[in-house]
Amino acid sequence: MSRSLILKTHKALVSKKVSCLELVNWYLSEIKKSDLNAFITVTEESAIESAKKVDDKIRNGEKIGILEGIPMSLKDNFSTKGIRTTCASKMLENYYPVYDSTVYDVLKKAGCILLGKANLDEFAMGSSNETSYFGPVKNPHDKTRVAGGSSGGACASVASGLATFSIGSDTGGSIRQPASFCGIVGFKPTYGAISRYGLIPLASSLDCVGPLTISVEDASILFDLLSFYDPKDERCSPIKRKPTLNCLENEIKGLKIGVPTNCFYGSDEETYNAVENAVKFYEKLGASVSFFEFPELDLSMPIYCVLGRAETASNMSRFDGIRYGYKYDGPYKDIDDLMTRTRSIAFGEEVKRRILVGSYVLSAGHKALYKKSLNLRNMVIDSFNKRFTEFDVLMMPASPTTAFGFNYAEGDPLKMQLADICVVPANIAGLPAISVPCGYDSNNLPIGLQILGKQWSDDLIFNVANVYEKENFCAKIIGGVQYEV
Ligand code: GLN
């Protein structure tokens, strides 16, 4: 049986087992019943209207595309014309963009139906969805734990059957870490593969867009649709893309896998065992596996903290209370006072902290820190390139632990940041990386296997992940819409 929820849903629609309106209404009623806080805005009216149009087409015997009528959610940092786009911040609580992000535009044209905008950490800054102005997201596998972040709502919506798939952003792991916590597939492509036009930026040299799905095949279908040159994103690459869907079943005999041992420091035993078992599975299929020490990897987090914060501070400067977004409406002395009052009220703690650190890094007296981090980043990229002459892919956990409880890092923001230790290196080097479910711990919490490759080996990553998933499929939809075709 196909693991692709997109294909299953498509078949149910074309065989008239379910009408698109019925399907959308099921999802909307499940969203209403859910207490996970996965959505910030639900787009009920437009979803119903679009569903009726798809049904008209089917009734008239017209052929529908594979994504036509498929209900989706979208992380609430993608601009959607006329639909509130908050970035989970008071700053944008009442912001209605006047244009669509490229990603949403393409999905809409392919016929996907938007159910709503998914919760996230404020401006995508966080690893637990607890920095959201709209409150945290609960993990569908255990509601006393976080869904991960920053794409927590997007991942929870897919894992709990409130959307067929979602789209997230990944600057320092925000697709892969919550995907691993929620037991679904999360793919961060090569930097520059998918347009970020209309994605509200966090750190522009790191930001990537990618799919969140139940299966590798679904992620590949979405990647092939969304990965193309878009001149509206100046860092979107004009390089010719290889389709990934037709590579999923390729044999992986002879594949060279490297496992960096330092990735396991601080990881819990059950995570270690699950990843080790996954690696053994590949060995059985004829891959060669080498464990090795990769010390340069450890530089990624400090580099991320310097360059990421600097870029964030620069990107956040657009929110000044003058052009758009929240504006302080009491009396103020001058423009500086207006900006200070606006930002003091409308930004949360984590956003303020990152603006402060970033401004410090960018200030005239500290150029050396910024320059050194840039140099170190090149060093990390070089060492990855060297490793990829020995190995085809690297494997490691997506997160050192399974989903943690609420307030896990209260008063210690660094502890929270360290939860991203395994995911940040791929952002520093612009590499494609996937998190695919590889089992559950003794608390029944999902564990994610992370697979990384060299730039533009996205097709290989999908292939390697799919070969594993085929024999070890363990994503579960907890509640929500359940239907068999
Ligand atoms: N958790 C990371 C952070 O807080 C990831 C951010 C992201 O990828 N958007 O920086």
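Each value in this text was obtained by applying a stated rule to the coordinates, not by laboratory testing. Since this is a predicted model, take the numbers as computed values, not measurements. Heads up, the Cβs are rebuilt from the backbone with ideal geometry, glycines too, and the neighbour counts pull from every protein chain shown.
In this structure the amide hydrogen of Gly439, modeled in the peptide plane, comes within under 5 Å of the amide hydrogens of Ile447, none closer than 5 places in sequence on its chain. Dividing the mean sequence gap of close Cα pairs (under 8 Å, 6+ apart) by how many residues the chain holds gives a relative contact order of 19 percent. Modelled spin-label separation between Tyr96 and Ser288, with each label point placed 7 Å from Cα along the Cα-to-Cβ direction: 6.2 nm. As an exercise, identify the GluC sites (Glu not before Pro) in the stretch 237-316 lying in DSSP coil whose Cβ has no more than 13 other Cβ atoms within 10 Å. Qualifying residues, ordered by number: Glu249, Glu251, Glu293. The magnitude of the dipole of the stretch 1-69, with charges of +1 and -1 set on the Cβ of Lys/Arg and Asp/Glu and taken from the Cα centre, is near 420 debye.
Taken about its Cα centre, the chain carries a charge dipole of roughly 860 debye when the Cβ of each Lys and Arg holds +1 and the Cβ of each Asp and Glu holds -1.
Only Lys, Arg, Asp and Glu carry charge here, each on its Cβ (+1 for the first two, -1 for the last two); on that basis the stretch 340-485 has a dipole of about 1000 debye about its Cα centre.
Evaluated on the stretch 390-485, the Kirkwood hydrodynamic radius is 15.3 Å, with distances taken between all distinct Cα atoms. With a cut-off of 8 Å between alpha carbons and a minimum separation of six or more residues, what is the relative contact order of the stretch 268-389 in percent? That works out to 33 percent. For His366, His141, the sequence from fewest to most other C-beta atoms within 10 Å is His366, His141.
Evaluate the relative contact order of the stretch 20-89 (contact order divided by residue number), counting alpha-carbon pairs under 8 angstrom at least 6 apart; express in whole percent. The normalised contact order for the stretch 20-89 reaches 32 percent.
Considering only Phe78, Phe39, Gly65, the residue lying farthest towards the positive end of the dipole of the stretch 1-78 is Gly65, judged by Cα position with unit charges set on Cβ. Taking the DSSP bridge list for the chain and keeping only pairs wholly inside it, about 65 percent are antiparallel.
How would you rank Tyr197, Tyr104, going from fewest to most other Cβ atoms within 10 Å of each one's own Cβ? With the sparsest Cβ surroundings first, the list reads Tyr197, Tyr104. May I ask which residue of Phe294, Ala219, Thr244 lies farthest towards the positive end of the charge dipole of the stretch 201-339, with charges of +1 (Lys, Arg) and -1 (Asp, Glu) on Cβ and the Cα centre as origin? Highest projection toward the positive end goes to Thr244. Among Asn139, Tyr468, Val158, pick out the residue whose Cα is farthest towards the positive end of the charge dipole of the chain, where Lys and Arg carry +1 and Asp and Glu carry -1 on C-beta, about the Cα centre. My answer, from the dipole projection, is Val158. For Leu222, Leu374, the sequence from fewest to most other C-beta atoms within 10 Å is Leu374, Leu222. Legend: P(r) of the chain from all alpha carbon pair distances, 20 Å bins from 0, whole percents, reading 26, 59, 15, 0. Per-residue packing, averaged as other Cβ atoms within 10 Å, sorts the ranges 443-454, 380-391, 209-220 into the order 209-220, 443-454, 380-391, beginning with the highest.
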